[in-house]
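Peer 1: Can you read through this structure? Questions will come right after.
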Amino acid sequence: MTTSATTPLTQDELKTLVGQAALQYVTPGTIVGVGTGSTVNKFIDALASMKAQIKGAVSSSEASTQRLKALGIEVFDANTVAELGVYIDGADEIDGQGHMVKGGGAALTREKIVAAQSKQFVCIVDDSKLVDALGKFPLPVEVIPMAAQRISAQFAAMGGQATLRLKDGQPLVTDNGQHILDVRGLHITDPLAFESQVNQWPGVVTVGVFAFQKATVCLMGTPGGVKTFKY
Ligand code: 5RP
């Protein structure tokens with residue numbers, strides 16, 4: 001008797017699958033909004049096969065801009081583009097309504113800007129990112145450096161522990177010249193209210209909850225293939 005075992009797809013293979021699946025949301029002749037991260041890198045690599053059919057991209061980070069340009073895809077300044085049809089990006093967490101936590105790659109501010117100028121947000125993730133409620137992943141918050149301590153105290157008052165993100169032993173500096181706090185211990189049951197509240201705090205540049213700019217579609221890589229969720 002023989003037995004056959006199917007090797008489960010690795011997380012990297014799931015990212016490749018959803019990166020390629022996102023091409024179906026790219027309309028020829030348009031400019032595409034492009035996010036940041038390892039999953040989006042798979043999308044950018046796949047997008048290279050369509051580069052002759054699109055005008056180019058608006059990018060959410062210096063890292064994605066470099067990758068797009070290296071593949072021969074033109075990158076436009078967001079200010080020169082009135083509206084984008086679609087923005088394609090990954091997430092650190094996504095719930096059943098399309099609310100997300102983002103910013104693991106420190107690009108959350110530009111990601112939120114490009115998402116806000118796009119009609120559709122297509123989120124590409126592997127199934128490890130699906131959560132019942134946001135907050136398991138440390139919440140990234142981009143802050144003006146002089147406000148970091150005060151904002152950390154405000155998170156402590158709601159039960160969160162904020163730590164300054166470091167790179168090579170120094171505070172990480174974002175593409176916008178600011179710092180990132182990662183906040184653990186939050187359980188975000190009302191993402192819209194939470195995003196509104198934290199947005200009011202002086203010195204907060206961007207909170208990594210994407211509830212106002214939530215996903216409209218999620219392409220999720222699972223052992224059974226790519227599942228599509230619409231919100
Ligand atoms: C970057 C992000 C990314 O979308 C998020 O961190 C997911 O990244 P990855 O695809 O590498 O898991 O928000 O700021």
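The values are calculated or read from the model by the stated rules, or taken from the named source; none is laboratory data. Note that the coordinates shown come from a computational prediction; the quantities given were computed from them, not determined experimentally. Glycine also receives a Cβ, built like all others from the backbone with ideal geometry; neighbour counts cover every protein chain displayed.
Each row is one residue, and each column tells you yes or no for (1) at pLDDT below 95; (2) away from the ligand (no atom under 14 Å from the Cβ); (3) among the hydrophobic types (A, V, I, L, M, F, W, C); (4) out of contact with any Cys (no Cβ under 7 Å at 6 or more places or on another chain).
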site: Glu13; (1), (2), (3), (4): no, no, no, yes
site: Gln20; (1), (2), (3), (4): no, yes, no, yes
site: Asn41; (1), (2), (3), (4): no, no, no, yes
site: Ile44; (1), (2), (3), (4): no, no, yes, yes
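Peer 1: Cβ-Cβ below 9 Å, separation at least six or inter-chain, first residue in the range 32-59 and more than 17 Å from Gly104 (Cβ to Cβ) and assigned by TED's automatic domain parsing to the domain that holds Ala21, second part of a helix (DSSP H, G or I) and among the aromatic types (Phe, Trp, Tyr): which pairs?
Peer 2: Filtered contacts from the range 32-59: Val32/Tyr25.
Peer 1: Filter the range 131-145 for residues that are surrounded by fewer than 24 Cβ atoms within 10 Å (Cβ to Cβ) and away from the ligand (no atom under 13 Å from the Cβ) and give the result. Before the answer, list the steps.
Peer 2: First, pick out the residues of the range 131-145 that are surrounded by fewer than 24 Cβ atoms within 10 Å (Cβ to Cβ): 131-133, 135-138, 144-145.
Hits for the range 131-145 are Val131, Asp132, Ala133, Gly135, Lys136, Ile144, Pro145.
Peer 1: Exactly one condition in (1) within 30 Å of Ile44 (Cα to Cα); (2) assigned to a loop (DSSP other than H, G, I, E, B); (3) not aromatic (Phe, Trp, Tyr) is false for Gly159; which is it?
Peer 2: (1)
Peer 1: Tally the residues that are farther than 17 Å from Arg184 by Cα, in a loop (DSSP other than H, G, I, E, B), within 6 Å of the ligand (Cβ to nearest atom) and of a type outside the set (A, V, I, L, M), restricting the search to the range 87-116.
Peer 2: Looking only at that region, the number is 1.
Peer 1: Same structure, new question: Please state which of the following conditions Val18 fails to meet, knowing it meets all the rest: (1) under 17 Å from Val114 (Cβ atoms); (2) more than 13 Å from the chain's Cα centre (by Cα); (3) of a type in the set (A, V, I, L, M).
Peer 2: (1) is the only condition that Val18 fails.
Peer 1: May I pose another question? With the checklist (1) surrounded by 13 or more Cβ atoms within 10 Å (Cβ to Cβ); (2) assigned to a helix (DSSP H, G or I) in hand, flag the one item Ser49 doesn't pass.
Peer 2: (1)
Peer 1: How many residues does the range 117-127 contain that are within 22 Å of Thr189 (Cα to Cα), more than 8 Å from the ligand (Cβ to nearest atom) and either assigned to a strand (DSSP E or B) or outside the structural domain of Ala21 (by TED's automatic domain parsing) (or both)? Spell out how you get there, then give the answer.
Peer 2: The first filter runs over the range 117-127 and keeps only residues within 22 Å of Thr189 (Cα to Cα), leaving 121, 123, 125, 127.
Okay, now just the ones that are also more than 8 Å from the ligand (Cβ to nearest atom), so 121, 123, 127.
Next cut, either assigned to a strand (DSSP E or B) or outside the structural domain of Ala21 (by TED's automatic domain parsing) (or both) only: 121, 123.
Number satisfying all stated conditions: 2.
Peer 1: Also, quick follow-up: Being assigned by TED's automatic domain parsing to the domain that holds Cys123 and assigned to a loop (DSSP other than H, G, I, E, B) is the requirement here; does Ala82 meet it? Lay out the reasoning, then the answer.
Peer 2: Numbers: assigned by TED's automatic domain parsing to the domain that holds Cys123: yes; assigned to a loop (DSSP other than H, G, I, E, B): yes.
Here the answer is yes, as Ala82 does meet what is asked.
Peer 1: Still on this structure, please answer the following. If Gln66 meets every condition in (1) within 15 Å of the chain's Cα centre (by Cα); (2) over 18 Å from Asn199 (Cβ atoms) apart from one, which number is that one?
Peer 2: That leaves (1) as the condition not met.
Peer 1: What single numbered condition from (1) surrounded by 21 or more Cβ atoms within 10 Å (Cβ to Cβ); (2) within 13 Å of the ligand (Cβ to nearest atom); (3) in a helix (DSSP H, G or I) fails to hold for Leu68?
Peer 2: Here Leu68 meets the rest and fails (2).
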